[in-house]
Amino acid sequence: MRPALVLFALALALASCGYETIDEATCPPGGTKLTYANFGEQFFVGYCDECHSAETSLRKGAPENYVFASRADIVQHKDRIFARSAGSNDSMPPGPDDPPIDERNKLAEWLVCGAP
Ligand code: HEC
């Protein structure tokens, strides 16, 4: 292969690792072992519900219709949650204390597998 082709192939391979939207991600063939009970609930309580819980009066500007207090809430908003927080997307939570990348990769897998 000519060097330009090698570079092109490399760029394609790199680009295919990342995904920005839930439509670009795929559930692994064997499904996921992640569930709301063993992953989702802790993730949202730990990283999101300071501003997106049903109870808090101090929502710090988070829109009132974006409450992530149950699995059903999360399923309803899964496309936007994915776009803000899953995988390489890190615009939520706001500020420097992002969940680690492996947690955000787990979020991507769990959401794209239907958030069981
Ligand atoms: C410190 C408070 C805070 C935390 C923590 C937080 N958010 Fe938000 N969120 C906001 C604010 C403020 C907005 C409205 C402004 C905006 O959209 O950037 C918002 C809006 C949103 C929206 C709706 C806007 C859209 O893009 O559709 C989604 C979805 C969202 N957040 C997801 C999350 C997720 C998932 C987490 C946890 C990983 C999280 N947020 C953690 C404050 C927070």
Does ALA115 fit the bill of being in a helix (DSSP H, G or I) and modelled with pLDDT of 95 or more?
-> no
Mind checking which pairs have a first residue in region 59-84 that is part of a loop (DSSP other than H, G, I, E, B) and a second that is open to solvent by 30 Å² or more (accessible area, probe 1.4 Å) and more than 9 Å from the ligand (Cβ to nearest atom), Cβ under 6 Å, 6 or more apart or different chains?
-> VAL67/ALA54; VAL67/ASP73; ALA69/ALA54
Out of all the residues in region 13-34, is one or more modelled with pLDDT of 95 or more and either touching a strand residue (DSSP E or B) at 6+ places or on another chain (Cβ under 7 Å) or within 10 Å of the ligand (Cβ to nearest atom) (or both)?
-> no
Of the numbered conditions (1) among the small types (Gly, Ala, Ser); (2) loosely packed, with under 15 Cβ neighbours inside 10 Å; (3) over 18 Å from TYR19 (Cα atoms), SER88 satisfies every one except a single condition; which is it?
-> (3)
For residues that are open to solvent by 80 Å² or more (accessible area, probe 1.4 Å) and more than 10 Å from the ligand (Cβ to nearest atom), scanning just region 46-76, find the one that is farthest from ARG104 (Cα to Cα).
-> SER57
Output the residues belonging to region 21-76 that are over 16 Å from the mean Cα position of the chain (by Cα) and among the acidic types (Asp, Glu).
-> GLU50, GLU55, GLU64
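The values are calculated or read from the model by the stated rules, or taken from the named source; none is laboratory data. Keep in mind that this is a model prediction, so the values were computed, not measured. Ideal geometry is used to build each Cβ from the backbone, glycine not excepted, and the neighbour counts take in all protein chains shown. Just the protein is used for accessible areas: all its heavy atoms, side chains included, with ligands, DNA and RNA removed. Shrake-Rupley method; radii C 1.70, N 1.55, O 1.52, S 1.80 Å.
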